[in-house]
Amino acid sequence: MSALGSSSLRVVGENGSGSELLHVLAVDDSSLDRKLIERLLKSSAYRVTTVDSGKRALELLGLGNENNYEKPEVNMIITDYCMPEMTGYDLLKRVKESSSLREIPVVIVSSENIPTRISRCLEEGAEEFLLKPLRASDVSRLHSCMIRMNTFRSIS
């Protein structure tokens, strides 16, 4: 049984001991930005999966395909706003429209500080809107958000 997405966030670590690893799905078409997010989160003891598009993220989460393989459950999605084919906003909307995914917190990141874009994402259900590059100070905000949302999910 996968520990993520259940009432427990406990994941067995490589040494066999129980440790709390929160799983983040990072979505960005820029390999440099994906690496930066991955390194920052892994250095803070997160499990990170990266993909290069919103379409690939939806496939990984089990939307948009008919494959019946076990999909990884995630505690948070961090997505770039500007991507080809599917924007981070479009990914956010698809996640929030899905009964099986809507409780996953989604954080939008962008290099552009456009107030109407930020408002639109927050109104659609984004937990946070962060400006690139992601910084170490942002990680504690993300952690608080994941703990709050996953505690809510385990109570429901």
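Every number in this text was worked out from the coordinates using simple rules, so none of it is lab data. Please read these numbers as outputs of a predicted model, since none were measured by experiment. Cβ placement follows ideal geometry from the backbone for every residue including glycine, while neighbour counts extend to all protein chains displayed.
Summary of computed values
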item: Those residues of the stretch 103-137 which are surrounded by 15 or more Cβ atoms within 10 Å (Cβ to Cβ), among the small types (Gly, Ala, Ser) and part of a loop (DSSP other than H, G, I, E, B), in sequence order; result: 126
item: Residue match in the stretch 89-97 (condition: of a type in the set (Val, Ile, Thr), surrounded by fewer than 17 Cβ atoms within 10 Å (Cβ to Cβ) and part of a helix (DSSP H, G or I)); result: no
item: Residues being in contact (Cβ under 8 Å) with a residue 60 or more places away in the chain and buried (at least 19 other Cβ atoms within 10 Å of the Cβ) - total across the stretch 73-88; result: 5
item: Unique match (being assigned to a loop (DSSP other than H, G, I, E, B), surrounded by fewer than 19 Cβ atoms within 10 Å (Cβ to Cβ), among the polar types (S, T, N, Q) and under 16 Å from the mean Cα position of the chain (by Cα)) among 140, 100, 144; result: 100
item: The stretch 23-64, residues that are of a type in the set (S, T, N, Q) and under 20 Å from residue 94 (Cβ atoms); result: 49, 50, 53
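Quick grid of which residues meet (1) more than 24 Å from residue 40 (Cβ to Cβ); (2) touching a strand residue (DSSP E or B) at 6+ places or on another chain (Cβ under 9 Å):
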{"position": "50", "(1), (2)": "no, yes"}
{"position": "59", "(1), (2)": "yes, yes"}
{"position": "62", "(1), (2)": "yes, no"}
{"position": "83", "(1), (2)": "no, yes"}
{"position": "89", "(1), (2)": "no, yes"}
{"position": "118", "(1), (2)": "no, yes"}
{"position": "121", "(1), (2)": "no, yes"}
{"position": "127", "(1), (2)": "no, yes"}
